[in-house]
Amino acid sequence: MTVLTVDDVVGELRDGMTVGVGGWGSRRKPMALVRAVCRAGLRDLTVVSYGGPDVGLLIAAGCVRRVVTGFVSLDSIPLEPHFRQARQHGTVELTEYDEGMLYWGLLAAANRLPFLPIRAGLGSDIMRINPTLRTVPSPYPDGSNLVAMPAVTLDAALVHLNRADRRGNARYLGPDPYFDDLFCLAARRRFVSCERLVSTADLIESGPPQGLLLNRMMVDGVVETPHGAHFTSCVPDYDRDEAFQREYATAAASPDTWGRFRAAYLDGDEEHYQKAVAAR
């Protein structure tokens, strides 16, 4: 396990990879890592995410071929604007699952299983829009017919937690783990960014045992990125920056406004981004 920079993490990624991004909607997303992927100009990625601005930024940067998701939302803004535009113009492919099905697919990959049976999806359009999905009969006397949710195996996972130590152990301090552990367990290479690197003793003492979501065997590299989830929330360290999120969503309306937004915030490195945000 190694302490890395955001650019070191991107150096581990390649065009065409399947990359899982942790967090949920516009909550605790590894945005510093996402911004670094955008700057690197990776292409043809399959992005697996309970999607938010991570998906939108990667689409806007031309990095994405396919999105695998249960939704792509900014939470307080229902639909991510870059994702909406990409789907309307047919520039990005979509594999859409029920939220529980995506969870089950990550769980299957984490346990090295080819699939897991689930009831979610039965009787819905999920089966119609995903014609490769199959059903399996229960081997027991109940007579159930279940969806065989395939494993969602990742080449790499990017997640963001509140605190980590140099060995890759990490904890969340907010209300929800957001399946970040499953993203890491489902991936061949796993990278966690954090608000603050601390000693192992301080990590253990900073919250209850169940908040220690990741252990060092689940992580290949850790990055200290203060405010690295901005503009999504990373409670209790900070809430979502609603004003900046509105600015982001409004800027997506046209190439001109997006060009100005990109020049103001995204064309430089992460230090430039954080300074530009602070100067607003």
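The values are calculated or read from the model by the stated rules, or taken from the named source; none is laboratory data. Small disclaimer: the values here were computed from a predicted structure and weren't measured. So basically every Cβ, Gly included, is an ideal-geometry build from the backbone, and we count neighbours across all protein chains shown.
Please verify whether the range 50-57 includes one or more residues that are in contact with a helix residue (DSSP H, G or I) (Cβ under 6 Å, 6 or more places away or on another chain), over 17 Å from SER233 (Cβ atoms) and not polar (S, T, N, Q). Spell out the reasoning first.
Looking only at the range 50-57, we keep the residues that are in contact with a helix residue (DSSP H, G or I) (Cβ under 6 Å, 6 or more places away or on another chain), and these are 54-57.
Restricting the remaining residues to those that are over 17 Å from SER233 (Cβ atoms) gives none.
No, the range 50-57 contains no residue that is in contact with a helix residue (DSSP H, G or I) (Cβ under 6 Å, 6 or more places away or on another chain), over 17 Å from SER233 (Cβ atoms) and not polar (S, T, N, Q).
If ILE204 meets every condition in (1) free of Cβ contacts under 8 Å to residues at least 24 places away in the same chain; (2) not assigned by TED's automatic domain parsing to the domain that holds ALA61 apart from one, which number is that one?
(2)
Taking ALA243 as the residue in question, decide whether it is closer than 23 Å to GLY174 by Cα, in a helix (DSSP H, G or I), modelled with pLDDT of 95 or more and over 21 Å from the mean Cα position of the chain (by Cα). Quick ask: steps written out before the conclusion?
Numbers: closer than 23 Å to GLY174 by Cα: yes; in a helix (DSSP H, G or I): yes; modelled with pLDDT of 95 or more: yes; over 21 Å from the mean Cα position of the chain (by Cα): yes.
In short, yes.
Can you find a residue in the range 135-142 that is out of contact with any helix residue (DSSP H, G or I) (no Cβ under 7 Å at 6 or more places or on another chain) and surrounded by 14 or more Cβ atoms within 10 Å (Cβ to Cβ)? Working first, answer last.
Looking only at the range 135-142, we keep the residues that are out of contact with any helix residue (DSSP H, G or I) (no Cβ under 7 Å at 6 or more places or on another chain), and these are 135-142.
Those still in the list that are surrounded by 14 or more Cβ atoms within 10 Å (Cβ to Cβ) too: none.
Checked against the condition, which is being out of contact with any helix residue (DSSP H, G or I) (no Cβ under 7 Å at 6 or more places or on another chain) and surrounded by 14 or more Cβ atoms within 10 Å (Cβ to Cβ), the range 135-142 yields no hits at all.
Quick check, is ARG28 modelled with pLDDT of 95 or more, touching a Phe, Trp or Tyr at 6+ places or on another chain (Cβ under 7 Å) and either of a type in the set (Lys, Arg) or within 25 Å of ARG14 (Cβ to Cβ) (or both)?
Numbers: modelled with pLDDT of 95 or more: yes; touching a Phe, Trp or Tyr at 6+ places or on another chain (Cβ under 7 Å): yes; either of a type in the set (Lys, Arg) or within 25 Å of ARG14 (Cβ to Cβ) (or both): yes.
Yes.
What do you reckon, is GLY168 in contact with an Asp or Glu (Cβ under 9 Å, 6 or more places away or on another chain), over 20 Å from GLY70 (Cβ atoms) and assigned to a loop (DSSP other than H, G, I, E, B)? Break it down stepwise before answering.
Numbers: in contact with an Asp or Glu (Cβ under 9 Å, 6 or more places away or on another chain): yes; over 20 Å from GLY70 (Cβ atoms): yes; assigned to a loop (DSSP other than H, G, I, E, B): yes.
Yes; evaluated as a whole, the condition is true for this residue.
Assuming GLY20 fulfils every condition listed in (1) surrounded by fewer than 24 Cβ atoms within 10 Å (Cβ to Cβ); (2) of a type in the set (Gly, Ala, Ser); (3) not in a helix (DSSP H, G or I) apart from one, which condition is it?
It is condition (1) that GLY20 fails.
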